[in-house]
Amino acid sequence: MMIKTQVRRNDQRKPEPACLNIAMVGGNSAGKSLIKFLETHRLRHFHVRVVGVADLRVDAPGLVYARNKGIYTTRDYRDFFALEDLHLLIEITGRDEVLEEIMRTKPEHVKVIDHLSARLFWDLIEVQEEKINCERRLAHSSRLATVGRMASYLAHEIRNPLVSIGGFAATIQNSSELPEMLKPKAQIIIDEVRRLEAVLKSMRDFVRPLKQHKTRYNFNTLIQRAHGSLEPEFKAIALECVMDLDSEMPDCLFDADLMLEALVTIIRRLMEFMEPPQRLSLKTEVCWDTIGIYIQGNGGWIPPDLLQNMFNPFANQHEGDTGLDMAMSKKIIEDHGGEIRIISEKDTGTTVIIELPIEAAW
């Protein structure tokens, strides 16, 4: 009886996903995005493997990305027809004459997805992912709203007695009857009250909704402005800073001042962990429907415990730092529909990745 039960269970197991070997004709940013998507998502019915990418341009971003990943690349898509077990070609050049040539020359067993179909399925996938992300953000926003109301109430209740304490301390310090030896202690009270008032102001700013003043602007120009404002600090510590800006970056609609504030804060924070010889890289990239900003610092790394609390507004990063600046930067990016993450390794250094959807930015 036990043997029969075991056999029945084995029969009910789901079959392993079939292996689907695909090649892409078109190594543009869309191709790069598609490769990244297939790398990070596991499909239910297929195990997908990208076996080749073709593009006439040797410096096409998708082609370069595939080459660096060890994927076969070529300038002539017909080279794919010599590959064994090729199942599917995805044409993403956007050119009808290329599609017609593929359909005329391909082997009979190779199926084809044209650029319109590929874009349609990509949009459907993005709609589903955006729905999931919106649900998560909504739940997160609801929790933050409750915390925000509580923080605003506490900040208001604490600030009132602080103002009184600071005023009385200043009056006592200026009194002719106060012994000289006690005046430094009165100054300590005044200084600490000012520090706490600054913390409360930062907390109020963090929990309040941001007032965005969006204008049409370019993220490449934003990076150049951040570089210009920090250039004296770069020179002071002999830091080499290089920029790699995507020439296809479109003008987008966002609050340039808020985003500049966030970028400068993040770059300054990253500089604290860098070690000589110091080199900072600022890069932008347009990847289909996403704008990527990459800030990479060589040497040094952020310990896991500190990295985990990097955006925690209530965690002390180091003496004198409440973490509110980084938390505010994260809030600015997320309020623009973006995401930020940090990758830090001992051997390669630290990279900050900021992704902003072009759809949301326009």
Just to be sure I understand the rule: take each whole DSSP H helix in the chain, project its Cα atoms onto its long axis, keep it if the span is 15 Å or more and its mean Kyte-Doolittle hydropathy is at least -1.0. Which ones pass? 29-40, 115-174, 183-207, 219-236, 256-271, 324-335
Given a cut-off of 26 Å, what percent of all Cα-Cα pairs of region 40-191 lie beyond it? 59 percent
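Based solely on its DSSP helices, what 222 nm [θ] is calculated for the chain when runs of n ≥ 4 H residues each add -39,500 (n - 2.57) and the sum is averaged over all residues, nearest 500 deg cm²/dmol?
Numbers: 11 runs with 180 residues, N = 362.
It comes out at -16500 deg cm²/dmol, rounded to the nearest 500.
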If a/c stays under 1.5 just call it rounded; otherwise compare a/b with b/c (prolate if a/b is bigger, oblate if not). Do that for region 16-113, with a ≥ b ≥ c from the square roots of the Cα gyration tensor eigenvalues. oblate
Inter-probe distance in nm under a simple model that places probes 7 Å from Cα toward Cβ, at Leu210 and Ser229: 1.3 nm
For the chain, with the dipole built from +1 on Lys and Arg beta-carbon atoms and -1 on Asp and Glu ones, taken about the Cα centre, which of Leu222, Thr348, Gly166 lies farthest toward the positive end? Gly166
Could you give the length gained by full extension between Leu43 and Asp123, i.e. 0.36 nm per residue of separation minus their alpha carbon distance, to one decimal place? 27.1 nm
For Rg/Rh (Cα atoms, Kirkwood Rh), several values are listed as (i) 1.11; (ii) 0.96; (iii) 0.99; flag the one computed from this structure. (i)
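When ranked by the protection proxy of mean other Cβ atoms within 10 Å per residue, highest first, what sequence do the peptides 112-118, 344-350, 23-29, 86-92 form?
Numbers: 112-118: 16.3, 344-350: 14.3, 23-29: 25.7, 86-92: 21.4.
Ranked by mean Cβ neighbours within 10 Å, highest first: 23-29, 86-92, 112-118, 344-350.
Return the FRET efficiency for the residue pair Ser176, Thr221: r is the Cβ-Cβ distance, R0 is 51 Å, and the value is rounded to the nearest 0.05.
With a Förster radius of 51 Å, E is 0.30.
No value in this document is a laboratory result; all are computed from the given coordinates. Quick caveat: nothing in here was measured; it's all calculated off a predicted structure. Reconstructed Cβ throughout: ideal geometry from the backbone, glycine too, with neighbour counts over all protein chains shown.
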